[in-house]
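Structure below; questions to follow.
The values are calculated or read from the model by the stated rules, or taken from the named source; none is laboratory data. Since the model is a prediction, treat every value here as computed from it, not as a measurement. Here the Cβ is made from the backbone with ideal geometry for all residues, glycine too, and neighbour counts use every protein chain on show. Areas reflect the complete protein model, heavy atoms only, side chains present, ligands, DNA and RNA absent. Shrake-Rupley method; radii C 1.70, N 1.55, O 1.52, S 1.80 Å.
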Amino acid sequence: MAKPRIERSLLFPNKEFRERVRKASKDRGFRSEQAFESVTQFEARIAATLTNLAKQGQHLQTLVEAQVAITDVLLKYVITCVVEPPEDALPAARVRARLRYDKLIRAAAKEISNKNRDTLRAMLAD
């Protein structure tokens, strides 16, 4: 027993255009003009999604550039304002600086980990 086909009428500007759509849909293996039209709409939604993702990527790029600029200014300020230790205290100052740096890196990693965990919890709660 053949499955009954349910078709909706599509509005075409003229008969010639309808025949072109009907021929294209048959040539591409679609059962009806509606199936052909739904693929076209699906492609349009995908294109819109990709455009949206590109815009979001551009916003992220701008954010990264701003963060790099702020870090650069801060680094220049610190280099300008911090006095270098005397030569005899330089090795000990480097060791203390390395310890402070390691502590800063651990704190940053912990903060990132906490934010990721909170984000994951919020996603799972939805």
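Do we find a residue being of a type in the set (Val, Ile, Thr), open to solvent by 70 Å² or more (accessible area, probe 1.4 Å) and assigned to a loop (DSSP other than H, G, I, E, B) anywhere in region 4-17?
Scanning region 4-17, I find at least one residue that is of a type in the set (Val, Ile, Thr), open to solvent by 70 Å² or more (accessible area, probe 1.4 Å) and assigned to a loop (DSSP other than H, G, I, E, B), so the answer is yes.
Would you be able to tell me the number of residues in region 59-85 that are open to solvent by less than 80 Å² (accessible area, probe 1.4 Å) and not in a helix (DSSP H, G or I)?
Final tally of qualifying residues: 1.
Can you spot a residue in region 2-14 that is at positive phi and at pLDDT below 85?
No, region 2-14 contains no residue that is at positive phi and at pLDDT below 85.
Let me ask something else about it. Can you report the number of residues in region 93-126 which are within 23 Å of Val82 (Cα to Cα) and basic (Lys, Arg)?
Within region 93-126, residues that are within 23 Å of Val82 (Cα to Cα) and basic (Lys, Arg) number 5.
With Ala97, Ala93, Ala89, Ala122 as the choices, which residue is in contact with an Asp or Glu (Cβ under 9 Å, 6 or more places away or on another chain) and either part of a helix (DSSP H, G or I) or modelled with pLDDT under 90 (or both)?
Ala93
Further, regarding this structure: Applying the selection to region 33-81, what residues are free of Cβ contacts under 8 Å to residues at least 12 places away in the same chain and closer than 30 Å to Glu19 by Cβ?
Correct list: Ala35, Ser38, Val39, Thr40, Gln41, Phe42, Glu43, Ala44, Arg45, Ile46, Ala47, Ala48.
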